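Report on one structure; see the data block that follows.
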Amino acid sequence: MVLDILDLELARLLAKYVREWNGRGWSPATSTNYSFRNDAAHIAVSKSGVDKSQFSENDFLLLDLASEKLRPEYLEEQPDIRTSAETELHTALYKVNPNIGAVVHTHSVYDTILSDAFFRSGRSELVLCDYELLKAIDGYQTHEASLSIPIFGNTQNITNLAAEFRRAYEQQPDMKGYLIAGHGFYTWGKNIAEAKRHLEAFQFLLECQYKAILIRKLI
Ligand SMILES: [Zn+2]
């Protein structure tokens, strides 16, 4: 069911990108989740369990942001319908920053390996330095910069993870993304276009970081 208040243009745009990112290997099986701010009261969040190569605008469900509950129309039609299990991580972002317009979450190989290796070695952040592509991230004007990506431990308790994110965001309000160890990556933007730019830049930078660590061992 597609509610008539769903912004179909935004839903179609983000769904198209979700399929493209699946083609790049960033959302194996039915993993990952995506959302956008539909209007002042609602966010649209991806439905649970959808193969992302088939993802369409019909796979976004509207959630009341204040109560974090699905619009009742869905439940009347299909009582067991669910948004992604990680929906609370999306609502936490929209609530801490009213300028966020879209949130994207990937499970790429580099998200997974780097976050796991860093976290296991006791580090709670991954710092990207001196890369030209840092300039693709909002607020970065030069490559002569460093950008800290916090790494949280993985857990199935999403409420605790959302609380951990909120504490970290208070300390680091210019945060542009975070990793979950052995799991994946979250980033966002003021709109879908900016979230896309951030995601694509970060995926490139995480791959660079991984390969830089390997090459430094060789030269
Ligand atoms: Zn995930």
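Taking region 10-25 as the range and being open to solvent by 50 Å² or more (accessible area, probe 1.4 Å) and not hydrophobic (A, V, I, L, M, F, W, C) as the test, the residues that pass are Arg12, Lys16, Arg19, Glu20, Gly23, Arg24.
Return yes or no: is Tyr178 hydroxyl-bearing (Ser, Thr, Tyr), open to solvent by less than 50 Å² (accessible area, probe 1.4 Å), touching a helix residue (DSSP H, G or I) at 6+ places or on another chain (Cβ under 7 Å) and away from the ligand (no atom under 14 Å from the Cβ)? The answer is no for Tyr178. Checking each residue in region 90-139 for being touching a Gly at 6+ places or on another chain (Cβ under 6 Å) and more than 16 Å from the ligand (Cβ to nearest atom) picks out only Ala102.
Within region 28-44, residues that are within 16 Å of the ligand (Cβ to nearest atom) have Cβ atoms under 9 Å from residues that are of a type in the set (Gly, Ala, Ser) and at pLDDT below 95 in these pairs: Thr30/Ser48; Thr30/Gly49; Thr32/Ser84; Asn33/Ser48; Asn33/Ser84; Asn33/Ala85; Tyr34/Ser84; Ser35/Ser84, counting only partners at least 6 apart in sequence or on another chain.
What do you reckon, is Gly153 at positive phi, modelled with pLDDT of 95 or more and open to solvent by 10 Å² or more (accessible area, probe 1.4 Å)? No: the conditions fail for Gly153. Annotation note: Cβ proximity below 7 Å between a residue of region 64-85 that is touching a residue at least 60 places away in the same chain (Cβ under 8 Å) and a residue that is open to solvent by 70 Å² or more (accessible area, probe 1.4 Å) (sequence gap 6+ or interchain) occurs for Glu73/Met1; Tyr74/Met1; Glu77/Met1. Does any residue of region 73-87 turn out to be in contact with a strand residue (DSSP E or B) (Cβ under 8 Å, 6 or more places away or on another chain), within 16 Å of the ligand (Cβ to nearest atom) and of a type in the set (D, E, K, R)? Yes, region 73-87 has at least one match.
Condition first: open to solvent by less than 50 Å² (accessible area, probe 1.4 Å) and touching a strand residue (DSSP E or B) at 6+ places or on another chain (Cβ under 6 Å). Now tell me which residues in region 116-133 satisfy that. Correct list: Phe118, Leu126, Leu128.
Conditions (1) under 27 Å from Pro28 (Cα atoms); (2) without any contact (Cβ under 8 Å) to a residue 24 or more places away in the chain; (3) away from the ligand (no atom under 16 Å from the Cβ), marked per residue:
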{"site": "Gln171", "(1), (2), (3)": "no, yes, yes"}
{"site": "Phe202", "(1), (2), (3)": "yes, no, no"}
{"site": "Leu205", "(1), (2), (3)": "yes, no, yes"}
{"site": "Arg216", "(1), (2), (3)": "no, yes, yes"}
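Considered as a group, the residues in region 82-115 that are among the aliphatic types (A, V, I, L, M) and open to solvent by less than 40 Å² (accessible area, probe 1.4 Å) include one that is farthest from the chain's Cα centre (by Cα), and that residue is Leu114.
The values are calculated or read from the model by the stated rules, or taken from the named source; none is laboratory data. This one's a predicted model, so the numbers in the text were calculated from it and none came from an experiment. Virtual Cβ from ideal backbone geometry, glycine too; neighbours counted across all protein chains shown. Just the protein is used for accessible areas: all its heavy atoms, side chains included, with ligands, DNA and RNA removed. Shrake-Rupley method; radii C 1.70, N 1.55, O 1.52, S 1.80 Å.
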